[in-house]
Amino acid sequence: MRMTPKIGLALIVRDEGHLLARCLESAKDSVDEIVVVDTGSRDQTLDVSRRYTSRVYSIPWESDFARARNYAIDHVSAEWVLVLDADETLEGDRTHLRETVAGAGAKEGFLLPLHNHTGHSPSDYSRSLVLRLFRNIPEHRYRGRVHEQLTVASPANLGVLATPVIRHDPETGSVRLKKRARNLALLRSALMEDQSNPFLHYYVGIEWLGLGKPGLALPHFELARRTLEPTHLTFRLPAVRYLVACLCALGRLEDAALVCLEETSTYPRYTDLIYDGGNVFEELKEYEVAIRWFSQAIASGTPGLGFFHTNGTESFLSHRHLGNCLLQLGRTAEAWSHFQMALRENPDDIPALSSLFLAGVQSSGLSQVFAEVKAAGYLRRPAQAETLAALFFEAGSAALACECLVEAGVRESDRTPTQEHLRARIRYWVYGGRIPTALVALDRARQCAPSRALDVSMRVDEIAGLSIGGRLREAKTKALGLWRDPGGRGPALALINLLSMTQGGRASVVVPRAHERTALQTTLSLVECCLRGLDGDRTEECRRLAASGLAYLQGFGPAGWRAAVRYFESKARSLKNLVSLRFGDSGRLAP
């Protein structure tokens, strides 16, 4: 009886202890052995590795990824090698790997789908194919000091798998920037030896674009586009898309449109490039043209596995942008329909939900929009309800923000995933007049805080809530407590004066110049929030506190009114821009 070929997992790592366990846990049942090669870790990487395998080796780092990869492969005894990085995991049908190698026949290796996740939602990812499963023979070894590539004896004898999927979650912040800088230095060194290599230029472009330097990335993608054959889909298609992204980032929209027009003649049914073209024409305000491109992207469907693909270009992303274009043309009912289609295909598409809200606001009042989103079922999903609550509050209705939470079953005692959610909920409850609910949530937040102390903004809302609820003595006590916090002195002085004025007194506490700016900001924010509460359960109390705030500003003379003008000018941007800043656009191509 023939034995099933064995699979060995090969990894190279350095200071990956915070990621490694998740990677190894995802792959351990799919392989027969694990080989880990460490290149100089100073964290717990080695300890984590030894929990999963005794085959742990250490070598000095010589600025050569191929050397380290090949060293790991040399220590794999299995007939097949699976290569992963520490920031990757296997998802989907992992048993398929064993079935694949058992029936591989003459195949020398297999390409697997790599999902590079680029946002907070599970739907935010780009898909490409990578050669990560191959026979363990001497001819199969890596080349290249960085972004190393596997040399295969017979490329024609490669297969393609739909599952399992390799999920890549890139690190962010300083760690990612440090890695990009390291990769860029190695690539530039390699380019000095091989200046016409299109693959090196492609990777240099990736690193520059990832560092936010589209002008430096542009010539490298241009060279890759010129020199790679049209049939070389793995590199040429993403190079073209990144080239379009660079041109758009540099404001060269006409040039980007020309690239899309030229390349869609070569790849007439490449969904992602058609979607990119739609984006370019939308930015050019050629909305009718953009609508045709997005419609064509939807009609083209999901590209085959061999095509570099951003999830959603064939569905929810194009529907969302179609809706935005229709909204610009005044075709609100059609826009609403496309936003609904986007949300049916991807309920996590928060920008589509935000655009749907904007479409509703343009055609009817806030109360009607609330009725429509409720009837459509959007308030039954917590994430959608939180988004809509934020939008109703920003649009001026704290009461409807509260109703969103009620419909979603959100309670003051709920555990919230983030401090941001908790802060937002408390603000809605305070200015929507749900004072008991807000105070219970504040007590819970205080208990959960590391030092049992709330941040300044939440303490300001607490004091406002006590005032709106008629508990002025407690409000004054809390304001005095806030003044004892060096970081809260400006807000505390403003609140002490406002509480006095609310009771018919006057602003008797002088605000030192050092705290004047924060006192003004607190007053203006309080006035704005109270104005949003004029349709809530404590309308008169909110109106009284807002009037006191506006009167208090007069005491600052011209400085107070200048601050007010600047503050409300900054708030007078359209809701669409606010949504864009808050939620971003998951459809943007990012390396």
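If you take the residues of the range 415-433 that are under 27 Å from the mean Cα position of the chain (by Cα) and open to solvent by less than 50 Å² (accessible area, probe 1.4 Å), which of them is modelled with the lowest pLDDT? Let's see the steps before the verdict.
Taking the range 415-433 and keeping what is under 27 Å from the mean Cα position of the chain (by Cα), we get 415-428.
Next cut, open to solvent by less than 50 Å² (accessible area, probe 1.4 Å) only: 416, 422, 424-426, 428.
Values: 416: 60, 422: 86, 424: 92, 425: 93, 426: 94, 428: 96.
Ranking the qualifying residues of the range 415-433, first place goes to 416.
Say we look at the range 137-158 and pick out the residues that are closer than 24 Å to residue 184 by Cβ and hydrophobic (A, V, I, L, M, F, W, C); which of these is most open to solvent (accessible area, probe 1.4 Å)?
Filtering the range 137-158 for residues that are closer than 24 Å to residue 184 by Cβ and hydrophobic (A, V, I, L, M, F, W, C), the one most open to solvent (accessible area, probe 1.4 Å) comes out as 150.
Looking at the structure I just gave you, is residue 559 more than 38 Å from the chain's Cα centre (by Cα), at pLDDT below 80 and assigned to a helix (DSSP H, G or I)?
yes
Specify which of the listed residues (466, 405) is closer than 15 Å to residue 390 by Cα, modelled with pLDDT of 90 or more and open to solvent by less than 20 Å² (accessible area, probe 1.4 Å). Talk me through it step by step, then tell me what you get.
Numbers: 466 fails: closer than 15 Å to residue 390 by Cα.
Every option except 405 fails the conditions.
Exactly one of (1) buried (at least 17 other Cβ atoms within 10 Å of the Cβ); (2) without any contact (Cβ under 8 Å) to a residue 60 or more places away in the chain is unmet by residue 517. Its number?
Here residue 517 meets the rest and fails (1).
How do the pairs read when you match residues in the range 209-228 that are farther than 19 Å from residue 253 by Cβ and without any contact (Cβ under 8 Å) to a residue 60 or more places away in the chain with residues anywhere that are hydroxyl-bearing (Ser, Thr, Tyr) and surrounded by 23 or more Cβ atoms within 10 Å (Cβ to Cβ), using Cβ under 7 Å and keeping only pairs 6 or more apart or on different chains?
As it stands, the answer is 220/202; 224/202, since those pairs meet every condition given.
How about the range 81-191: which strands (runs of 3 or more DSSP E) wholly inside it have at least 1 residues that are more than 19 Å from residue 32 (Cα to Cα) and free of Cβ contacts under 8 Å to residues at least 60 places away in the same chain? If you could, list the steps in order and put the result at the bottom.
Values: elements: 88-91, 109-117, 125-135, 141-143, 149-151, 158-160, 165-168.
Counting at least 1 such residues, we get 109-117, 125-135, 149-151, 158-160.
List every residue pair whose Cβ atoms lie under 7 Å apart, where the two residues are 6 or more positions apart in sequence or sit on different chains, the first residue falls within the range 273-296 and is farther than 14 Å from residue 259 by Cα and open to solvent by less than 40 Å² (accessible area, probe 1.4 Å), and the second residue, located anywhere, is in a helix (DSSP H, G or I) and among the acidic types (Asp, Glu).
Taking only residues 6 or more apart or on different chains, the pairs are 290/282.
Just one of the numbered conditions (1) closer than 26 Å to residue 305 by Cα; (2) within 24 Å of the chain's Cα centre (by Cα); (3) open to solvent by 10 Å² or more (accessible area, probe 1.4 Å) is not true of residue 250; which one?
(1)
Looking at this structure, is residue 219 at pLDDT 90 or above and either under 22 Å from residue 305 (Cα atoms) or in a loop (DSSP other than H, G, I, E, B) (or both)?
no
Regarding the range 284-293, can at least one residue be identified that is part of a helix (DSSP H, G or I), out of contact with any Lys or Arg (no Cβ under 8 Å at 6 or more places or on another chain) and acidic (Asp, Glu)?
yes
Which members of the range 63-112 meet the condition of being under 27 Å from residue 304 (Cβ atoms), of a type in the set (A, V, I, L, M, F, W, C) and buried (at least 17 other Cβ atoms within 10 Å of the Cβ)? Step through it out loud before you land on a result.
Start the filter on the range 63-112 by keeping residues that are under 27 Å from residue 304 (Cβ atoms), which leaves 80-85, 87-112.
Right, trim to of a type in the set (A, V, I, L, M, F, W, C) and you get 80-84, 90, 97, 101-102, 104, 106, 110-112.
Those that are under 27 Å from residue 304 (Cβ atoms), of a type in the set (A, V, I, L, M, F, W, C) and buried (at least 17 other Cβ atoms within 10 Å of the Cβ): 80, 81, 82, 83, 84, 90, 97, 101, 104, 110, 111, 112.
Are any residues in the range 115-135 out of contact with any Ser or Thr (no Cβ under 6 Å at 6 or more places or on another chain) and open to solvent by less than 40 Å² (accessible area, probe 1.4 Å), and if so, which ones?
Listed by number, the residues that qualify are 115, 117, 121, 123, 127, 128, 129, 130, 131, 132, 133, 134.
If you go through the range 223-247, how many residues are β-branched (Val, Ile, Thr) and either modelled with pLDDT of 95 or more or open to solvent by less than 30 Å² (accessible area, probe 1.4 Å) (or both)? Can you show your working first?
Restricting attention to the range 223-247, the residues satisfying the condition of being β-branched (Val, Ile, Thr) are 227, 231, 234, 240, 244.
Restricting the remaining residues to those that are either modelled with pLDDT of 95 or more or open to solvent by less than 30 Å² (accessible area, probe 1.4 Å) (or both) gives 227, 240, 244.
Qualifying residue count for the region: 3.
So for the range 310-317 (the condition being within 18 Å of the chain's Cα centre (by Cα) and either open to solvent by 20 Å² or more (accessible area, probe 1.4 Å) or of a type in the set (Phe, Trp, Tyr) (or both)), does at least one residue qualify?
yes
For the range 57-80, name all the residues that are polar (S, T, N, Q) and not in a loop (DSSP other than H, G, I, E, B). Steps first, answer last, please.
Restricting attention to the range 57-80, the residues satisfying the condition of being polar (S, T, N, Q) are 58, 63, 70, 77.
Residues satisfying the conditions are 58, 70.
The values are calculated or read from the model by the stated rules, or taken from the named source; none is laboratory data. Every value quoted in this text rests on a predicted model; they were computed, and no experiment measured them. Reconstructed Cβ throughout: ideal geometry from the backbone, glycine too, with neighbour counts over all protein chains shown. Side chains are part of the model used for accessible areas, which takes the heavy atoms of the whole protein and leaves out ligands, DNA and RNA. Shrake-Rupley method; radii C 1.70, N 1.55, O 1.52, S 1.80 Å.
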